[in-house]
Amino acid sequence: MRRWNDRMLKTKMFIAFSIVSLFIVGVTCVTFYCKNTGDVTNQTFALSKIISKQLSEMINLYTQNIQELSLAISIDPSIQNHLFEFYKASNPIHKETIGYKLNPVLFNFSYPKSYVESISIYTLDEHLYQYTKLVKPRPMMPFSSRHLSEFGRVLSNKPFMLIPADEGVGSRDKPGKVVSFIRKINKIPTQTTIGFVAIDINVNAFRIMLANPNANELEHTMHVVIADDTGRIIFENGTAPAGDSTGRFDAAVFQKPITHGELQWRDKRYLYAFERSHYTGWNTVILIPKDVVLLKQKRIQDIVFIVGAVSMMLVAAVSYMLSHQITLPLHKLMRKMSRVELGDFNQRMEYEGNNEIGRLSKMYNHMLDSISRLIHQVYESRLAENHAQLSALHAQINPHFLYNTLNIMKSISRLRGIEEVAEISESLAGLFQYSMKNLAHPVPLRKELEHIHNYFKIQQHRFGDRMELWCDVPEPLLDAAILKLTIQPLVENAVNHGLRKMKNGGRIHIQAFRRDHALVLEVTDNGEGMSEAERTQLQASLDNSTPLDHDHGVTNGIGVLNIHQRIQLSYGKEYGLKVASAPGRGTTVTLLFPNES
């Protein structure tokens, strides 16, 4: 059975260590996984924000170059002169001839700019002059008068407009979208509008901005969309799937206060972040496929699982070895203690380690030494106790002898007719008999009052009619339980300190009553009283006293501090003595007892 208990202890320790350790490892792995998963998502958002911001700024610079080109075209003297000739000419052939004159000028502006697909000059009467780099030009779709009127209204408040156009064919015969950059041409120096310049930009040039040979895995898989506030797609770095003819992005994303999040688009989940350009009015959106992020999270999950499994196996092995190392000396200690239980106190532990088990072994050995020493001490103390009891029995002979002698004196005095001596002997014998009994046991109040009357009879033989004792105690309170010798010392204080100088009229008044749940006893004299300083000192000594204190600082009274401490030790701090006194008005000592009658 003991071996089975030993195995149970070892198993319990192993299970306890394993559970705690595995819990810590599990919580650590889960926390690490959750934190890293969150970090991956946050890093994806942060990277998307950086790329969208950088790409948006690059497009702004790109647009600024085009704006500078449009400004150069609008103020070019040749173009200004040709348009001036256009408005003066009335012959349609002459107007067409101006187009041939403008062609080389527009060629000079567009040739150095690879991203310019074509440049168009519109007159106010919808006449169009165009130069294009396309090998197979698109069918010309000039702006109508309504468009030109709208351009004039909008461009009165801002320098240019960006208008997405239909798909065309790039300079390399690859399909791509174009954006028309519209600007007014103002006559110099009058600044009156004489036409519009439209520069068509092939947005496939934006792909050059995305080319990054050092791009990481996320950048290779990201999808870039440039769209206006209505959701119309200006550019995207991939091709739209079959069946998607809308060419629109979810415009509700641009209305949200947060510029990143997760969305469903074209039947696929993405993490997105976008940056809006106040210069172009476009939104640059970076889309990261959710499955790419989940793949990275899956890798983290696999790493955490492998590390957690290895850690758990190591923890289990260490827990087993640790429980074995702890329980082995404990098993030995249990066997030693079993022998001690049978009475063999010579079973000492021999463990050389300086760890807790070693200290426990030393304490066990010290305990056996102490037990052996205490056995001898108890044996010797028993002998000393028996000797002390014999001495106490001899010591009790003297009070009993004195009590018996007083009774003999009382009998002889009454036989010879000396009644005063007999009364004093009887009162004194009563005092000795009452005082010799156990002080720790409560007595009825009536017994304490009888003891006080015996004491006062003796004092009246000493002082005569100079003082008197009044007791005002209701009959139901005579059986109330109080501690022995708690009132008589106060009466003695009143006699020796309060009334000793009075020639006559001295009075001691004892009264008892109930107040709330307490029994209140008051001992009042009409003696000389105490000064306020003396009363305060006495009361402070009572309030601050402890059972280890003596009567230091208490000079006015006999055993007052002792009475106070006895009451509080027996009944609690809420009981005890209170002193009230004034010079020439006497002293009142109030005793509080629990009402246990």
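The values are calculated or read from the model by the stated rules, or taken from the named source; none is laboratory data. None of the values given here were measured: they were computed from a predicted structure. When we count neighbours, we look across all protein chains shown, and the Cβ atoms used for this are built from the backbone with ideal geometry, even at glycine. Protein only, heavy atoms only, side chains kept; ligands, DNA and RNA dropped before computing areas. Shrake-Rupley method; radii C 1.70, N 1.55, O 1.52, S 1.80 Å.
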* Can you work out the accessible area per residue across the range 66-125, with the rest of the protein chains kept in place, probe 1.4 Å, in square angstrom? => 52
* Structure fact -> The ³J(HN,Hα) series, computed from each phi in the range 110-118 with the Karplus coefficients 6.51, -1.76 and 1.60 at θ = phi - 60°, rounded to the nearest Hz and given as x for glycine or proline, is 8, 4, x, 9, 5, 7, 8, 8, 7
* From the phi of every residue in the range 253-262, what ³J(HN,Hα) in whole Hz does the Karplus formula 6.51 cos²θ - 1.76 cosθ + 1.60 yield, where θ is phi - 60° and glycine or proline is x? -> 4, 6, 8, 6, x, 9, 8, 8, x, 10
* Asked: Given a 1.4 Å probe and every protein chain left where it sits, what share in percent of the accessible area of the range 446-596 is carbon and sulfur?
  -> 49
* Report, by chain and number, residues whose modeled amide H sits under 5 Å from the one on Ala582, excluding near sequence neighbours (fewer than 5 apart, same chain). => Met530
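Per residue, what accessible area does the range 436-523 have, given a 1.4 Å probe and all protein chains present, in Å²?
The answer is 50 Å² per residue.
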* Highest average packing first - 368-378, 530-540, 583-593, Cβ atoms within 10 Å -> 583-593, 530-540, 368-378
* Structure fact -> Residues whose modelled amide H sits under 5 Å from the amide H of Phe249, counting only those 5 or more places away in sequence or on another chain, are Arg232, Ile233
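Suppose we keep just the DSSP beta bridges with both residues in the range 467-526; what percent of those would be antiparallel, to 5?
Within the range 467-526, antiparallel bridges account for around 55 percent of the total.
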